[in-house]
Amino acid sequence: MSVSRLQNAIDSLPAHGATDQDVRRLEEATGRRVKLGEGALLQELLTDRYDRFSPSGLNALERLVHTGSSARARSALSVVERYFTNLPEQSALASISKTHGFIAVDDESSKLWHIPYPDGAVLRLQPRILREGDRELIGLEGATYDSETRSLLVISEETGAVHEMTVRDPEGELTLGPPRLLGQLPKLGTRANKGYEGLTVLPASKAPDGRARLLAVYEGFPRRIGVHDRATLRAEAEITLPPEIQNRLKDLSGCAVDPATGHLLLLSDEARTLAEALLVPKRQGVGRAAPVTGWQLVPLGFSELPPSLTKNRLQPEGLSVDDEGDVWVLTEGDQSLLRLRRSVSS
């Protein structure tokens, strides 16, 4: 089935709130699974159509389009493992790989730590310092790894300064190059401790026009997401969270893009909740070649985190997704690293 035929079939669904049952009837009507060409994206199908679907309908459509791949609908996330890092001020997390583990940020001292990938046998992990004493790295609240450039990006909460560091592994040991100022994101408010709280990369492979973006989460009200060109940091759009997410997440403390699906995950410290959403482009014209002029954020679902194991509040601050689809949350309150998984619907 071609993209245009599938779009026509989607247009035959209810005007609003199409569910997974509606999508199942669509599949039965076509008589076979939908196979799209290399590089075709679900977002392409949803231009001007996203508001037809409920979250279950969006997930079912994704399953229909990407059957047999990792980009399938998933159930709510749940914690399957908990490890302890003994890092009291851990504020951001970046997954590097299963071999190289994670990089965590201390927002008080601006130290950058390497956390080994847990093997399931040792509950208390042994972080080691990668960098310290870099005066330009102040008040870091967001970190992300760009696998396409093999670099770590970090952002300062108050100033919006974005620094980039080369990730190296000479002789198998992870190291970081010196920080280089990539640019500064615009200051969006004046309230203290309500600045940038998360940073993540939408890779070129998951972007509708093949251009990588840098997404920055801003905590000040109204809570929003800045979309920036990955290379130049040029601001492209500012997405205010839709009411369903705005009302559920009392604050924002982290963000991450799932490398398999391109979905955006948002983390709330106060609500102890994860939100999952689909980034849908607005285009000037029809077709994949039409320029992207803006973005919509479509809620897909929510997952609640468990309470703390200590007398301290859980305080989830860091969020990352590894290459295998496991979601990792770094908590400042009880100094833990949580692994979350979700069962895949077939």
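A few points about this structure:
- Selection of the range 296-317 for residues being among the aliphatic types (A, V, I, L, M) and under 13 Å from residue 271 (Cα atoms) yields 305, 314.
- Every residue from the range 138-182 that is closer than 13 Å to residue 97 by Cα and of a type in the set (Gly, Ala, Ser): 147, 151, 172
- Subset of the range 100-112 (residues that are surrounded by fewer than 19 Cβ atoms within 10 Å (Cβ to Cβ) and without any contact (Cβ under 8 Å) to a residue 40 or more places away in the chain): 108, 109
- Condition broken by residue 226, with the remaining ones in (1) within 30 Å of residue 117 (Cβ to Cβ); (2) modelled with pLDDT of 90 or more satisfied: (1)
- Strands (runs of 3 or more DSSP E) fully within the range 129-243 counting 3 or more residues that are closer than 22 Å to residue 281 by Cβ and either without any contact (Cβ under 8 Å) to a residue 24 or more places away in the chain or touching a His at 6+ places or on another chain (Cβ under 7 Å) (or both): 213-218, 235-240
- Per the conditions (1) among the small types (Gly, Ala, Ser); (2) farther than 25 Å from residue 216 by Cα; (3) in contact (Cβ under 8 Å) with a residue 24 or more places away in the chain, the sole criterion not satisfied by residue 121 is (3).
- When residues of the range 138-156 are limited to those that are touching a strand residue (DSSP E or B) at 6+ places or on another chain (Cβ under 6 Å) and surrounded by fewer than 21 Cβ atoms within 10 Å (Cβ to Cβ), the one nearest to residue 323 (Cα to Cα): 146
- Unique match (being surrounded by 23 or more Cβ atoms within 10 Å (Cβ to Cβ), assigned by TED's automatic domain parsing to the domain that holds residue 279 and of a type outside the set (Val, Ile, Thr)) among 220, 198: 198
Matching residues to (1) farther than 27 Å from residue 104 by Cα; (2) surrounded by fewer than 19 Cβ atoms within 10 Å (Cβ to Cβ); (3) modelled with pLDDT of 95 or more; (4) of a type in the set (S, T, N, Q):
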residue: 276; (1), (2), (3), (4): no, no, no, no
residue: 287; (1), (2), (3), (4): yes, yes, no, no
residue: 294; (1), (2), (3), (4): yes, yes, no, no
residue: 320; (1), (2), (3), (4): no, no, yes, yes
residue: 323; (1), (2), (3), (4): no, yes, no, no
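- Of the residues making up the range 239-252, at least one is out of contact with any Lys or Arg (no Cβ under 9 Å at 6 or more places or on another chain) and closer than 24 Å to residue 203 by Cβ.
- For the range 297-334, the tally of residues that are outside any strand (DSSP E or B) and in contact with a Gly (Cβ under 6 Å, 6 or more places away or on another chain) stands at 5.
- If you go through the range 248-271 and keep only what is farther than 19 Å from residue 211 by Cα and surrounded by fewer than 19 Cβ atoms within 10 Å (Cβ to Cβ), you end up with 248, 250, 251, 270.
The values are calculated or read from the model by the stated rules, or taken from the named source; none is laboratory data. Quick caveat, the model's predicted, so the values are computed rather than measured. For neighbour counting, all protein chains shown are included, and Cβ atoms are generated from backbone atoms with ideal geometry for every residue, glycine included.
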